[in-house]
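Written below as structure tokens is the structure these notes are about.
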Amino acid sequence: MRPLHRVRLHGRQRRRRRPRRGARPARGGPLGGPGAGGVTGPRLGAGARLSALVLLLASLTAALGLLVPREKAYRIDLGARLVPPRAGAPLGTDELGRSLAWRLVVGASVSLGVAATAVAVSATLGSFLGLLAGERGGAADAALGRVVDLVLAFPGLLLAVALAAVLGPSAANTVVALSVVGWVPYARLSRTEARRVSSLDYVASARALGASRLRLLGRHLLPNVAAPLVVQATLHLAGAILAESALSFLGLGVPPPAPSWGAMLAAGRTHVLDAPHVVLAPAVAILLVVVATNVLGDALVARLQRVRHA
């Protein structure tokens, strides 16, 4: 048996290294990176990274659609109607002999541009109203609650269809219709977070020191609700793409000859049996972008929940 003074303690904890003199603490984003309340979240999974890659490719395609001449997507060749995919036409042609590849590229700039603009307008309007109502409380908070209840009383897509039918088919009117429906979740989320943050000590101290309402909203409230709003915007983008495609399919979205993905589906629905490639190209594009957006949004939701419960 060894002497007691030679027995080594294996359960002893290691000493924590002291930071170097002059070293700066790590900083990070609001979704669990270093500096987010001292929490370092795990990396996103393979599915989320693949979804981000799909969205990046879709964004680059939309940017390319803004740069290429629109005549490539509008050129009619009646001698090459409903041609299947081949070397000169990688995705084939539609019922007027127009290149589906170029129409898909230009349509990405139309569909994704309208959806992203509607999400940006909805997020800006809803966040501002929610933060203002949550910070002020009282009559402003009650009024916002009644307006939110009124908008939620109607099905979102049905209300968007009704507004688009009244306003008429155009890109601007589609953005207005989708924004009127889409601002409510941002208002509810930012109002809840603003009421929670407004009760904290440092916000009460800033208010007591005479900070203006705009300073409170921009300096103290908005940074604390930025992460949930980003997650909500990611999930909202998928719904906005589907809603824009539905409006264009019904003839209430972006008018021809702009090749919106929904309008391409509507134009090719009569050729599903004899030329399925006309419908397959825009349908697969919508499917990939919407699924990728939902997967990435779900991953961000899970990451945000882990950060909050850590």
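The values are calculated or read from the model by the stated rules, or taken from the named source; none is laboratory data. Everything numeric in this text was worked out from a predicted model, so none of it was measured. Using ideal geometry, Cβ is built from the backbone for each residue, glycine included, and neighbour counts are taken over all protein chains shown.
So that you can scan it fast, the table gives a plain yes or no per residue for (1) exposed (fewer than 13 other Cβ atoms within 10 Å of the Cβ); (2) at pLDDT below 85; (3) under 23 Å from the mean Cα position of the chain (by Cα); (4) not acidic (D, E):
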site: G210; (1), (2), (3), (4): yes, yes, no, yes
site: L222; (1), (2), (3), (4): no, yes, yes, yes
site: I241; (1), (2), (3), (4): no, no, yes, yes
site: L247; (1), (2), (3), (4): no, no, yes, yes
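Looking at (1) at pLDDT 95 or above; (2) under 18 Å from R49 (Cα atoms), which is the one condition that is false for D298?
Just one mismatch for D298, condition (1).
Quick grid of which residues meet (1) touching a residue at least 24 places away in the same chain (Cβ under 8 Å); (2) not in a helix (DSSP H, G or I):
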residue	(1), (2)
L60	no, no
L66	yes, no
A73	yes, no
V83	no, yes
A89	no, yes
S109	yes, no
L112	yes, no
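Just to confirm my filter: which helices (runs of 4 or more DSSP H) fall fully inside segment 115-226 and include at least 1 residues that are under 24 Å from A263 (Cα atoms) and not small (G, A, S)?
156-167, 171-198
Answer with yes or no whether L252 is crowded, with 21+ Cβ neighbours inside 10 Å, in contact (Cβ under 8 Å) with a residue 40 or more places away in the chain and closer than 23 Å to A162 by Cα.
Numbers: crowded, with 21+ Cβ neighbours inside 10 Å: yes; in contact (Cβ under 8 Å) with a residue 40 or more places away in the chain: yes; closer than 23 Å to A162 by Cα: yes.
Taking the combined requirement at face value, the residue satisfies it.
Just to be sure, is S99 crowded, with 17+ Cβ neighbours inside 10 Å, farther than 30 Å from S212 by Cα and touching a strand residue (DSSP E or B) at 6+ places or on another chain (Cβ under 8 Å)?
Values: crowded, with 17+ Cβ neighbours inside 10 Å: yes; farther than 30 Å from S212 by Cα: yes; touching a strand residue (DSSP E or B) at 6+ places or on another chain (Cβ under 8 Å): yes.
Judged against the criteria, S99 is a match.
Determine, yes or no, whether L229 is surrounded by 17 or more Cβ atoms within 10 Å (Cβ to Cβ) and either out of contact with any helix residue (DSSP H, G or I) (no Cβ under 6 Å at 6 or more places or on another chain) or among the hydrophobic types (A, V, I, L, M, F, W, C) (or both).
Considered against the rule, which asks whether it is surrounded by 17 or more Cβ atoms within 10 Å (Cβ to Cβ) and either out of contact with any helix residue (DSSP H, G or I) (no Cβ under 6 Å at 6 or more places or on another chain) or among the hydrophobic types (A, V, I, L, M, F, W, C) (or both), L229 comes out as yes.
Considering each residue of segment 76-94, count those that are exposed (fewer than 15 other Cβ atoms within 10 Å of the Cβ) and out of contact with any Gly (no Cβ under 7 Å at 6 or more places or on another chain), and give that number.
Step one: filter segment 76-94 for residues exposed (fewer than 15 other Cβ atoms within 10 Å of the Cβ), giving 76-79, 84, 86-88, 90.
This time we only want the ones that are out of contact with any Gly (no Cβ under 7 Å at 6 or more places or on another chain), so: 86-88, 90.
Result for segment 76-94: 4.
Of all residues in segment 59-102 being under 34 Å from the mean Cα position of the chain (by Cα) and among the β-branched types (V, I, T), which is nearest to S260 (Cα to Cα)?
Out of the qualifying residues, it is T61.
Of the numbered conditions (1) in a helix (DSSP H, G or I); (2) more than 22 Å from L82 (Cβ to Cβ), L252 fails exactly one; give the number of that condition.
Here L252 clears every test but (1).
So for segment 232-247 (the condition being in contact (Cβ under 8 Å) with a residue 24 or more places away in the chain, more than 29 Å from A140 (Cα to Cα) and touching a Phe, Trp or Tyr at 6+ places or on another chain (Cβ under 7 Å)), does at least one residue qualify?
Within segment 232-247, one or more residues are in contact (Cβ under 8 Å) with a residue 24 or more places away in the chain, more than 29 Å from A140 (Cα to Cα) and touching a Phe, Trp or Tyr at 6+ places or on another chain (Cβ under 7 Å).
Any chance segment 274-286 includes a residue that's of a type in the set (V, I, T), touching a helix residue (DSSP H, G or I) at 6+ places or on another chain (Cβ under 9 Å) and not in a helix (DSSP H, G or I)?
Scanning segment 274-286 turns up no residue that is of a type in the set (V, I, T), touching a helix residue (DSSP H, G or I) at 6+ places or on another chain (Cβ under 9 Å) and not in a helix (DSSP H, G or I).
Return yes when T124 is surrounded by fewer than 24 Cβ atoms within 10 Å (Cβ to Cβ), of a type in the set (S, T, Y) and out of contact with any helix residue (DSSP H, G or I) (no Cβ under 8 Å at 6 or more places or on another chain) and no when it is not.
Criteria met by T124.
Residue under question is S127, and the condition is that it be touching a Leu at 6+ places or on another chain (Cβ under 9 Å) and free of Cβ contacts under 8 Å to residues at least 60 places away in the same chain; does it hold?
Against the criterion (touching a Leu at 6+ places or on another chain (Cβ under 9 Å) and free of Cβ contacts under 8 Å to residues at least 60 places away in the same chain), S127 does not qualify.
Inspect segment 207-218 for any residue being farther than 25 Å from R308 by Cβ and in contact (Cβ under 8 Å) with a residue 12 or more places away in the chain and give the result as yes or no.
yes
What number of residues in segment 181-199 are surrounded by 13 or more Cβ atoms within 10 Å (Cβ to Cβ) and modelled with pLDDT under 80?
Summing the residues that are surrounded by 13 or more Cβ atoms within 10 Å (Cβ to Cβ) and modelled with pLDDT under 80 in segment 181-199 gives 1.
Restricting to segment 255-277, name every residue that is buried (at least 24 other Cβ atoms within 10 Å of the Cβ) and of a type outside the set (S, T, N, Q).
Answer for segment 255-277, where residues must be buried (at least 24 other Cβ atoms within 10 Å of the Cβ) and of a type outside the set (S, T, N, Q): P259, W261, G262, A263, M264.
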